[in-house]
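What follows is a set of notes on a single structure, which appears directly below.
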Amino acid sequence: MPETGWRLRGRVPAAALVMTAVVVFAGAAHAESKYSLLLLGERIWAGEVRAISLGSDMQLLEDSLALQYNPAAWSMIRKVTFTSSGYFSSDRLRSDEYNEREASVRFSTFMIAFPLTRRFTLGVGYRGKYDATANFVTPMTTADGDRYGEFFNRIGGLSNYPFTAAVHVARALQVGGYFSIERGSIEDRWDIIFADPTKNVATSSQKRTMSGTGYGLAAVLRPLRNVSLGAVYEGEIEYDTNVLEQHSNSSSNRAYNETTRLPARWTMSATWRVQPGYSVYGTYSFSDFTQFEGLDFPSEQLAREDAVSVGFEYGKGLPVWSLRLPIRLSATYTRYPYEYPVDESITSLLFGLGLGLKLRGGMSKVDVAFQGGYMGDLDKNGIDDHMFRVYVGFNGSEIWRRKRGADY
């Protein structure tokens, strides 16, 4: 198989990653940006859709129906509450060799919280973390003129299952934390398929199955009446990784264990309620991926990940028939945790527009966020991705009371 600058550096025969891709594997049912072929894949913005529409990492809302990224804020929940969300993504990818569109749909979040007292809340749920799904095919011809394709297909990603606790310590202070079960798998598969159906298909695959545990600590502080500050620390995660390699020639199959280390992350947010109905939001997060270990990824191409966002919300909203729809605007800039080529950073800029609608007398709501922008630069990185995403979230709450019937 041909060798290029971007490649999988595992113990399976290497395949070209991004730059030499010509067309997408036609049979793929799920496709993402070609940047999902790097490291752990693309980071998933999982959680409260209202927060995503105010800045992708934003984690500080005044919303009793929101089970947001900062677990300390869960202490304001007064009813049994759940959050679910997912998104549709459309990516237009360009390099010097090709121009194509890809689409995907993902269910990203389900969380549920149980307030045990007015100051103490417990919760559990699911959140996606990284999506490593992508594919490409490189058309080739043998010396004898036989045409064939070198197909590369990657599936999988990482997710976690957090168990959350939050305490309302004082009027101006909330604290919280979580313990999470971390799971994931990333499978890379190579197929050499000839145009002549009488010739055998050659295959190789490498599957990493990852498991670990994580934790996080969080706080929300309200130093002024109209100002809220929040911070979340997510600790380093060490995954036990089982690697299974399989080939057409089964004598080359093997299995072994390795360690994958995901570095810690800090996320800090601020909210300023300028006046009733108008709020401004800001968030900054970072994670030092130069401390990342695993996946045989070249350390000289690792970098620190930084993300900053700003958001604005008009809470009263615009009148639409008999409804009022709040308007949310945002911009998010991200520097990704890897470089290509060495010393050339990969960045993205995303703009967001959000709408919301409360249902059932305020006991549930639907939020929608539209997000568009770009990732990568054709001149610097050799590929760019212009993306458009639609997030949909549904939140609901209910008072659970124990009822005594006549026969009990």
Using a Förster distance of 41 Å, how high is the FRET efficiency between VAL280 and GLU258, based on the Cβ-Cβ distance and rounded to 0.05?
0.35
Rank these for me by crowding, PHE152, PHE286, going from fewest to most other beta carbons within 10 Å.
PHE286, PHE152
Inter-label distance for ARG183 and ARG225, nm, one decimal - labels placed 7 Å from Cα along Cα-to-Cβ
4.9
Label point at LEU359 placed 7 Å out along Cα→Cβ; residues across region 65-82 whose backbone nitrogen lies under 11 Å:
none
Kirkwood Rh over alpha-carbon pairs of the chain plugged into Stokes-Einstein at 20 °C, 1.002 mPa s gives a D in µm²/s of 94
Based only on Cα atoms, what Rg/Rh ratio does region 188-261 have, Rh being taken as Kirkwood's radius?
1.40
What is the dipole size for the chain, taken about its Cα centre, with +1 at each Lys and Arg Cβ and -1 at each Asp and Glu Cβ, in debye to the nearest 20?
2880
In sequence order, calculated HN-Hα J values of region 186-199 (Karplus, 6.51, -1.76, 1.60; Hz; x Gly/Pro):
9, 10, 10, 10, 10, 10, 9, 10, 8, 5, 7, x, 7, 8
Please rank GLU234, GLU48, fewest neighbouring Cβ atoms within 10 Å first, as an exposure proxy.
GLU234, GLU48
Sort 323-333, 97-107 by packing, meaning the average of other beta carbons within 10 Å per residue, with the highest value first.
323-333, 97-107
Multiply the residue separation of GLN291 and SER211 by 0.36 nm, subtract the distance between their alpha-carbon atoms, and state the gained length in nm to one decimal.
26.9 nm
I need the peptides 52-61, 176-185, 67-76, 223-232 ranked by packing, meaning the mean over residues of other C-beta atoms within 10 angstrom, with the highest value on top.
52-61, 67-76, 176-185, 223-232
What distance in nm lies between label points placed 7 Å from Cα along the C-beta direction at LEU173 and ALA143?
7.6
Which of SER330, TYR374, ALA166 sits farthest toward the positive end of the charge dipole of region 34-398, with +1 on the Cβ of Lys and Arg and -1 on the Cβ of Asp and Glu?
ALA166
Starting from the Cα of PHE394, move 7 Å in the Cα-to-Cβ direction to define the label point; list residues of region 68-89 whose amide nitrogen is under 15 Å from there.
82-87
Of the options TYR284, THR121, LEU38, report the single residue whose Cα projects farthest towards the positive end of the charge dipole of the chain (beta-carbon charges: Lys, Arg +1; Asp, Glu -1).
THR121
Relative contact order, percent, of the chain when contacts are C-alpha pairs under 8 Å separated by at least 6 residues?
17
Just to be sure I understand the curve: with the Debye formula and one point per C-alpha of region 151-295, what is log10 I(q)/I(0) at q = 0.09, 0.11, 0.17 Å⁻¹?
-0.49, -0.63, -1.01
The chain, helix-only ellipticity at 222 nm - DSSP H runs n ≥ 4, -39,500 (n - 2.57), divided by all residues, nearest 500:
-500 deg cm²/dmol
One finds, for TYR98 and SER299 with R0 = 22 angstrom and r their Cβ-Cβ distance, a FRET efficiency to the nearest 0.05 of 0.15
Cβ-based exposure ranking for TYR336, TYR161, in which fewest neighbours within 10 Å come first
TYR161, TYR336
Rounded to whole Hz and in sequence order, give me ³J(HN,Hα) for region 334-346 from the Karplus expression 6.51 cos²θ - 1.76 cosθ + 1.60, θ = phi - 60°, writing x for Gly and Pro.
10, 9, 7, x, 8, 10, 7, x, 3, 6, 10, 6, 10
Between VAL201 and VAL80, with labels modelled 7 Å along Cα→Cβ, what's the label distance in nm to one decimal, could you check?
4.7
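Computed from the coordinates by the stated procedures, all read-outs in this text should not be read as laboratory data. Just so it is clear, the model here is predicted, and its values are computed rather than measured. We place every Cβ from the backbone using ideal geometry, glycine too, and count neighbours over all the protein chains shown.
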